[in-house]
1. Yes or no: Ile75 assigned to a helix (DSSP H, G or I), surrounded by 14 or more Cβ atoms within 10 Å (Cβ to Cβ) and in contact with a Cys (Cβ under 7 Å, 6 or more places away or on another chain)?
2. Report, by residue number, each residue of the range 29-53 that is surrounded by 14 or more Cβ atoms within 10 Å (Cβ to Cβ), modelled with pLDDT of 90 or more and not in a helix (DSSP H, G or I).
3. Condition (residue is more than 17 Å from Lys25 (Cβ to Cβ), at pLDDT 90 or above and surrounded by 11 or more Cβ atoms within 10 Å (Cβ to Cβ)) applied to the range 54-68: is it met by at least one residue?
4. So if I check each of Gly50, Gly76, which one is on the phi > 0 side of the Ramachandran plot and not polar (S, T, N, Q)?
5. Determine which single condition Lys25 fails, assuming it passes every other condition in (1) out of contact with any Asp or Glu (no Cβ under 9 Å at 6 or more places or on another chain); (2) assigned to a strand (DSSP E or B).
Amino acid sequence: MPSVSKILQRMRSSPQGVRFEDLAKVCEHCFGEPRQSRSSHRVYRTPWPGDPRVTIQDDHGRAKPYQVKQVLAAIGRRGEEKR
């Protein structure tokens, strides 16, 4: 299984074709356990007010590209706030 850093590199280079389980692994690493995971969607909390969640869904084993971009944006925002 690839490491989180390698998955992130692949996500940044191409948001299409990312495996759902890889995206879930990155989300769990960055945001913790999902708030909801028993349905077709997984919902992760983010540490800031406003829209404090990231939602991903399984699309036949793949992550939806717009959701990959949302996760990358949330990770970028999280990194900026830590500085």
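1. On the way: assigned to a helix (DSSP H, G or I): yes; surrounded by 14 or more Cβ atoms within 10 Å (Cβ to Cβ): yes; in contact with a Cys (Cβ under 7 Å, 6 or more places away or on another chain): yes.
Spelling it out, Ile75 is indeed assigned to a helix (DSSP H, G or I), surrounded by 14 or more Cβ atoms within 10 Å (Cβ to Cβ) and in contact with a Cys (Cβ under 7 Å, 6 or more places away or on another chain).
2. Matches in the range 29-53: Pro34, Arg42, Val43, Tyr44.
3. Of the residues in the range 54-68, the ones more than 17 Å from Lys25 (Cβ to Cβ) are 60, 65-66.
Imposing the further condition that a residue be at pLDDT 90 or above reduces the set to 60, 65-66.
Okay, now just the ones that are also surrounded by 11 or more Cβ atoms within 10 Å (Cβ to Cβ), so 65.
Within the range 54-68, one or more residues are more than 17 Å from Lys25 (Cβ to Cβ), at pLDDT 90 or above and surrounded by 11 or more Cβ atoms within 10 Å (Cβ to Cβ).
4. Numbers: Gly76 fails: on the phi > 0 side of the Ramachandran plot.
Matching residue, one of Gly50, Gly76: Gly50.
5. Lys25 satisfies every listed condition except (2).
The values are calculated or read from the model by the stated rules, or taken from the named source; none is laboratory data. On a predicted model such as this, the values are computed, not experimentally measured, just so you know. Note: ideal-geometry Cβ built from the backbone for every residue, glycine included; neighbour counts use all protein chains shown.
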